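Data first, discussion second: the structure below is written as structure tokens.
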């Protein structure tokens, strides 16, 4: 028995891309959170609905913990009622005519009244919803609605939890607050979770495993940090938001290090992901991995030390996004305090440092 | 008002209540099938159900007369199996009212059900609810307002039915005479003042049914 979801299927939709899931596996560990991440229209929600049993794929198989949920060859599809999942849609879909307690108790039909009551109370307390029992969904804030939807989905202890854009219908401050909160709630539950999002910050903050999707296809799967720091190709780099992508040529490979020429400047990167004989490469550098020093600053261990001119600064929450010219364009992300201490402004000369492992190389002719 | 007039008002209202009660369950079930399922022949059934809305009621009455008469296919079967007569009895009145008000109920109920967000029904299914439970705990309560309006509309329509009733049930005093057929009869006999009394009662009943329906809808909204 392979734990978790094992799925390969195709789903066609009028007016949308053909959705092809190839070998989707969501680790078996109870608390694994798998994030389906991609731009809108990439087919994430449809995939989730196929897993839930709300849509029926044209062909393929879906298994959960070794149990067949869908098999087009056998003509088998376990109805959604019997998959025992918790599903939270994007708009939460709370029943508008039922109060909070009745919404949460909906899935406990058939349980003894006492048992029902104690489970609802327990779940409400766990999610901090006490006192809202009699409220109707229309009388709740967005964050409260989200927690009621989560409570309703988990109160009967489903085997798998499916969340569609769990934070996207909230206002920005609530979303930022709940981003961290949601992950710890999901870990406490210990139910394997598959979550859909188009927001990179959300994907990074909530997930263990990342599945990058585009145009209905799975582009890359792996631990979150791996996928974000080492995109398999340019399409993934674009989707995970790699700020600097440069074109270069490998001039030398020795001791596991590659020397790459970009616009006549030499950079050093790890050669581990390069196939032998690779020449033309894309260099991916994340803005948060770029360190800035005052001009003529002290020696440093970083392999790449570049003289740069500040072109522009743009605030981004508590951070500042900086565009640099080092003979090629480079982007850096610094805290505002760091910017102030370095007295950065457009036209200033600085030194940019990048450690060799922070330059990810994607071979061109693959 | 005379006892005769009271009897006619009570009979007509009773028949309207009976016919509405008869069509309620099948009407809502059909409305649900039209709103929620895709099936072959759906548009055909839709058109067929709507026919009494546009067909001259007399024609509908004629068709019923032929079907339910003792020599008609249904009437013959009912008589030979159960010794039941339909045509020119109170049963024919209920039948005519039911057939004539059925499309109004189905149409109103259908749009009421269509207004219920299907995502709510889907979520109920993910929470383990079967189709019956989804219908009775989600669809029905959320469509309640529209279903009630449709029921009252059907009732109001039944109160005023004339053409089909007179064809299939005739106008037999004390047996099949309704408000409408009696008003027609009284005017024919030149008893206009009596006709006006009954017309006034018709107006009051129809007004009350529509007004209650409106009031219920307004109350739900606020």
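The values are calculated or read from the model by the stated rules, or taken from the named source; none is laboratory data. Since we're looking at a predicted model, the values are computed, not measured. Note that each Cβ is placed from the backbone with ideal geometry, even for glycine, and that neighbours are counted across all protein chains shown.
Brief remarks on what is shown
- Here residue A:61 passes the criteria (1) more than 14 Å from chain B (Cβ to nearest Cβ); (2) buried (at least 20 other Cβ atoms within 10 Å of the Cβ); (3) more than 23 Å from the chain's Cα centre (by Cα) except the one numbered (2).
- Tally, over region A:41-55, of residues that are more than 13 Å from chain B (Cβ to nearest Cβ) and in contact with a helix residue (DSSP H, G or I) (Cβ under 8 Å, 6 or more places away or on another chain): 0
A quick yes/no check of all residues on (1) within 14 Å of chain A (Cβ to nearest Cβ); (2) buried (at least 20 other Cβ atoms within 10 Å of the Cβ); (3) at pLDDT below 95:
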{"residue": "B:115", "(1), (2), (3)": "yes, no, yes"}
{"residue": "B:151", "(1), (2), (3)": "no, yes, yes"}
{"residue": "B:159", "(1), (2), (3)": "no, yes, yes"}
{"residue": "B:172", "(1), (2), (3)": "no, no, yes"}
{"residue": "B:179", "(1), (2), (3)": "no, yes, yes"}
{"residue": "B:191", "(1), (2), (3)": "no, no, yes"}
{"residue": "B:197", "(1), (2), (3)": "no, no, yes"}
{"residue": "B:205", "(1), (2), (3)": "no, no, yes"}
{"residue": "B:211", "(1), (2), (3)": "no, no, yes"}
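- Hey, residue A:295 in contact (Cβ under 8 Å) with a residue 60 or more places away in the chain, over 29 Å from residue A:201 (Cα atoms) and more than 27 Å from the chain's Cα centre (by Cα) or not: no
- Helices (runs of 4 or more DSSP H) enclosed by region A:128-237 - at least 3 residues per element that are touching a helix residue (DSSP H, G or I) at 6+ places or on another chain (Cβ under 9 Å) and farther than 13 Å from residue A:33 by Cα: A:142-154, A:172-189, A:224-229
- Residues located in region B:119-139, provided they are within 10 Å of chain A (Cβ to nearest Cβ) and touching a residue at least 12 places away in the same chain (Cβ under 8 Å): B:120, B:121, B:124, B:134, B:137, B:138
- When residue A:77 is tested against (1) on the phi > 0 side of the Ramachandran plot; (2) within 14 Å of chain B (Cβ to nearest Cβ), exactly one condition is not met: (1).
- Condition check for residue B:145: more than 10 Å from every other protein chain (Cβ to nearest Cβ) and assigned to a helix (DSSP H, G or I): yes
- Within region A:84-108, the residues that satisfy the criterion of being part of a loop (DSSP other than H, G, I, E, B) and either farther than 15 Å from residue A:135 by Cα or facing chain B (nearest Cβ under 8 Å) (or both) are A:84, A:89, A:90, A:91, A:92, A:93, A:95, A:96, A:97.
- Per the conditions (1) assigned to a strand (DSSP E or B); (2) surrounded by 13 or more Cβ atoms within 10 Å (Cβ to Cβ), the sole criterion not satisfied by residue A:273 is (1).
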